[in-house]
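Reading through the structure tokens given below for one structure.
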Amino acid sequence: MKNKILTILLSVGLAVALWLYVVTVVSPNSDKHYYNIPITIQSEIVLQERGLMITNRELPTVSLHLEGNRTDLNKLNSSNITVSVDVSRIGEAGTHNLVVVPSYPGDVPNNAITVLSRNPGSITLQIEERISKTVPVEIRYTGALPTNFMADKENKGLDYESIVITGPKSVIDQITVANIDVNLEGRTESISEQYRFSLCNSADEPVDAALVTANVETVKLTLKILQLKEISLKVNAINGGGANDKNTEITVAPGKILVSGSKVLLDSLDSLVLDTINLAEITEDQILVKKIKLPEGVNNETGVDEVEVTIKLPQLSTKSFTVTSIQAINVPAGMAADLITQMLTVTLRGPQASLNKINPADILITGDFSDEQIGSATVKAVVTVNSSDVGAIGVYNVSANLRNAS
């Protein structure tokens with residue numbers, strides 16, 4: 001029994017050895033199929049240097065039937081076999097048919113492998129002239145802003161007013177503009193955003209720009225969204241000279257203007273004070289012209305930059321008095337004041353009935369010399385009238401000589 005088993009094992013061993021001899025010595029070559037190998041383009045930079053480019057980039061994969069030493073073939077697979085076409089000899093645009101050439105990993109010499117078949121054996125490349133062109137960036141607005149809001153489109157900002165595009169001449173020639181689409185629907189805040197652009201032809205239709213590159217990918221738009229608001233214009237008045245808000249008529253024309261600005265600025269702006277008027281300095285009916293000066297960031301949409309302020313005093317009369325009751329007050333310590341001004345003629349204003357009751361004894365003129373030095377000095381006079389609805393109008397001065405009290 002043992003002899004029989006040994007005989008069988010010896011027979012199997014001899015058969016394997018004979019098979020190895022036949023495979024490695026008597027018949028060392030074999031063949032094998034490899035599928036779905038992608039095609040690579042060699043020397044494409046040479047095309048670019050010649051102002052050319054490939055326009056059909058969707059290339060087929062290649063199947064190979066190879067023959068060679070079994071050991072070498074076992075080292076190969078669809079991932080480490082390279083199938084390529086060399087475009088370095090192409091010198092002009094057109095249709096070019098190129099043979100696909102396989103190559104193998106470094107430890108498998110090319111001459112050790114025989115190509116029995118390749119499918120496809122060649123490919124057709126479409127070569128076009130490669131050009132560049134500058135096109136303007138334009139904005140297409142859609143959507144509506146809320147009521148009383150506006151977009152300051154005239155003063156929009158783009159970090160790129162134009163872009164440079166590069167690609168096949170047949171495509172580049174069609175492109176005339178790079179459009180960015182901006183939706184304004186419901187916006188109340190200003191825009192500062194990056195936008196992608198679409199390349200369009202003269203009919204504003206998108207162009208298939210898959211083979212086109214640009215010097216930038218996005219364009220930044222800065223656009224102010226402004227609120228519109230009507231505000232009133234007015235002046236402040238300081239009562240004086242018998243004039244007050246009850247007996248003085250002050251009108252501003254125009255009384256309102258339309259302004260624009262950010263929502264934050266305009267929410268707190270309902271009116272604008274143009275100036276403050278001291279009624280004691282208004283001696284008669286007047287029309288004053290005042291400039292409209294708006295806060296920073298607020299724009300005048302009406303276009304009127306000045307207004308007329310009309311001041312009327314229809315209920316008041318005037319009367320002049322010669323006053324001798326003049327005093328120097330607040331004379332600095334150690335000093336005395338000798339009045340130079342002994343009398344002044346002042347004009348009072350108020351209701352006629354009240355003026356009729358006034359006499360010079362009801363009027364006192366004072367001059368404040370608190371800030372003066374020794375020598376002659378002239379200061380503004382203050383006219384005080386013993387009446388609640390009568391006051392002095394105009395400007396008066398008092399002069400005095402200041403000396404040491406000793």
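Laboratory data are not the source of any read-out in this text; all were calculated from the coordinates shown. Note that this is a predicted model, so its numbers are computed, not measured. All Cβ positions, even for glycine, are placed from backbone atoms using ideal geometry, and neighbour counts span all protein chains on display.
May I ask what percent, to the nearest 5, of DSSP beta bridges between residues of the stretch 168-281 are antiparallel?
Working: 17 of 23 bridges.
Once the DSSP bridges in the stretch 168-281 are tallied, antiparallel ones form about 75 percent.
GNM, the chain, Cα, under 10 Å: largest mean-square fluctuation among THR188, THR71, THR347?
Residue with maximal mean-square fluctuation among THR188, THR71, THR347: THR71.
GLU189: net charge of surrounding residues, Cβ under 14 Å, Lys/Arg +1, Asp/Glu -1, itself excluded?
That sum, taken over residues with Cβ under 14 Å, equals -1.
Where is the GNM fluctuation largest for the chain (alpha-carbon springs, 10 angstrom cutoff): TYR195, TYR141, TYR104?
Result for the chain, Cα springs under 10 Å: TYR104 fluctuates most.
Find how much the distance from ILE238 to ASN215 grows on full extension, using 0.36 nm per residue of separation minus their present alpha carbon separation; answer in nm with one decimal.
1.8 nm
Relative to the longest principal Cα axis of the chain, at what angle does helix 2-21 sit, 0 to 90 degrees, rounded to 10?
So the helix axis and the longest Cα principal axis differ by about 70 degrees.
Report the net charge of residues surrounding ALA243, where surrounding means a beta-carbon distance below 15 angstrom and charges are Lys +1, Arg +1, Asp -1, Glu -1. Walk me through the numbers before you get to the answer.
Working: positive: LYS246, LYS312, LYS319, ARG349; negative: ASP245, GLU249, GLU281, GLU284, ASP285, ASP389.
Its environment carries a net charge of -2.
Search the structure for amide H atoms under 5 Å from the amide H of VAL177, placed 1.01 Å from N in the peptide plane, and list their residues when 5 or more places away or on another chain.
CYS200
[x] 21.9; [y] 19.2; [z] 50.2: which one is mean projected area of the Cα convex hull in nm² as calculated from this entry?
Given [x] 21.9; [y] 19.2; [z] 50.2, the calculated one carries the label [z].
What's the FRET efficiency of ASN300 with GLU193 using the Cβ-Cβ distance as r and R₀ = 25 Å, to the nearest 0.05?
In this case the efficiency is close to 0.35.
Grab the DSSP H runs of the chain that are 4 residues or longer, score each as -39,500 (n - 2.57), total them, divide by all residues and round the 222 nm result to the nearest 500 deg cm²/dmol.
-3000 deg cm²/dmol
For the stretch 342-406 and the stretch 258-280, what is the separation of their Cα centres, given in Å?
37 Å
Which of the peptides 388-398, 227-237 is most tightly packed, and how do the rest follow, going by the mean number of other Cβ atoms within 10 Å of each residue?
Put in order of decreasing packing, that is 388-398, 227-237.
Filter LYS229/LYS312; LYS156/LYS234; LYS293/LYS319; LYS220/LYS256; LYS263/LYS291 down to the pairs with a C-alpha to C-alpha distance above 27 Å, please.
LYS229/LYS312; LYS156/LYS234; LYS293/LYS319; LYS220/LYS256
Taking amide H positions as placed in the peptide plane 1.01 Å from N, state which residues far from SER190 in sequence (5 or more) or on other chains have amide H under 5 Å from it.
Hits under the 5 Å cutoff: ILE225.
Of VAL137, VAL331, VAL264, which is the most mobile in a GNM of the chain whose springs link Cα atoms less than 10 angstrom apart?
VAL331
LYS220's amide H: which non-local residues (gap 5+, or another chain) put their own amide H closer than 5 Å, with H modeled 1.01 Å from N in plane and none for Pro or chain starts?
ASP159, TYR160, TYR195
How far apart, in nm, are the 7 Å Cα→Cβ label points at GLN327 and GLU308?
Roughly 4.6 nm, to one decimal.
Find out how many positive minus negative residues lie around LYS133, taking Lys and Arg as positive, Asp and Glu as negative, among other residues whose Cβ is under 13 Å from that of LYS133. Provide the component values of the computation, followed by the final result.
Values: positive: ARG130, LYS169; negative: GLU129, ASP173.
Value of the local net charge: 0.
With charges only on Cβ, +1 for K and R and -1 for D and E, what is the dipole size of the stretch 229-312 about its Cα centre, in debye, rounded to 20?
So the magnitude is around 180 debye.
I'd like the distance between the alpha-carbon centres of the stretch 179-257 and the stretch 312-327, rounded to an integer number of Å.
53 Å
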